[in-house]
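Computed from the coordinates by the stated procedures, all read-outs in this text should not be read as laboratory data. Since the model is a prediction, treat every value here as computed from it, not as a measurement. Here the Cβ positions follow ideal geometry from the backbone for every residue, glycine too, while neighbour counts run over all protein chains shown.
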Amino acid sequence: MQETFFPHYIKIVRKINLQKESETIASARAVWYNGDMAEKFYGRKITDLVAVQKIVTLHYQQLRAGYRSEVESHDFWELIYADRHGVIADMGGTEAAVAQGEAAFIQPNLPHFVICPEDSNIFIVSFACKSRAMEHFRGVVPVPPSRRALLQAIMTEAYGTFDIPDFDPALRRLELLPEPSLGGEQAIKNMLELFLIYMLRKETAHTERYFVSEFESSDDLEEAIVRYLSEHLYEPFSLGGLCGELHYGKTRLCTFFKERTGQTIYQTYLAMKTDEAKVLIRRGLSPSEVSEKLGYSSLSHFVSTFKKSVGCTPRAYALGMQK
């Protein structure tokens, strides 16, 4: 028999009837035969847990403190993700705080609007999806850092596919760029579906135990550490949380970072937190407000940490800004 490098597959489609709970379901099954070996291969029909039919709008908005959007209601889903600082989402007359790193899922036909107590950046995607699994999403939910990368990828893909204005809360229709990214619309749909599927899965220690953290380079790992720290400046430091997110042991991660930067992870975190405190002080917040907002254990702890880093107290720094 002549050797066959590319087996010839003959596709045979036949109808079969399956009876389940007194209900007959007609479905198609594909069978492939591998040359003369008569080996059968059965194609499996894929079940969609979440299927996005349409992408309606995509926004990335940098909002000023005091901003309040118009009340709106529509027959599709809307996701509002707080990328920098937080906002308040009024959903059906109920106000809910959406902190940085959280997302508000607004179901179809629910009147809603957004209020910004401070300068904030939000990412909004609205989409049509009739999947029953969407019933799980209600109100505000935290988005794990590992899932936020998908939202970033969606927005990056959107800028290469659609003509998106810098700021247009009244955007009602997405227009393609003259030369959109190849497959951009499908990529956005697929990544959004993947994000929703991952959000539906329960994050447990059991499932996380088998993940292996892989970074292509040391630069990628260092960047991931700094990104995690920047996303958790408004809460107490947790080395365990960082190691759990990146799937690295504490000793290995701390040694790596110290060798790369010359500073400990905690020192870097405090420096970033101090820089954020400066920003808040320049916005007019009092030392006690900054201390509470950034999650310090006490005002005295904040003052001593700030003074050690900056060389003066927060109050003295604020007075210096006024001169």
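Some notes on this structure:
- Sites matching trypsin sites (Lys or Arg not before Pro) across region 210-314 that sit in DSSP coil, with at most 16 neighbouring C-beta atoms within 10 Å: R283
- Loop-resident sites, region 125-154, for trypsin sites (Lys or Arg not before Pro), counting at most 13 other Cβ within 10 Å (DSSP): K130, R138
- Cα centroid of region 137-181 to Cα centroid of region 52-67, whole Å: 8
- Relative to the Cα centre, the charge distribution of region 205-323, modelled as +1 at Lys and Arg Cβ and -1 at Asp and Glu Cβ, gives a dipole magnitude of about 800 debye.
- Between S300 and N121, the contour length at 0.36 nm per residue exceeds the Cα-Cα span by 61.4 nm.
- From the C-alpha gyration tensor of region 205-323, square roots of 5λ in Å: 32, 15, 11
- Loop-resident sites, region 39-83, for GluC sites (Glu not before Pro), counting at most 13 other Cβ within 10 Å (DSSP): E39, E70
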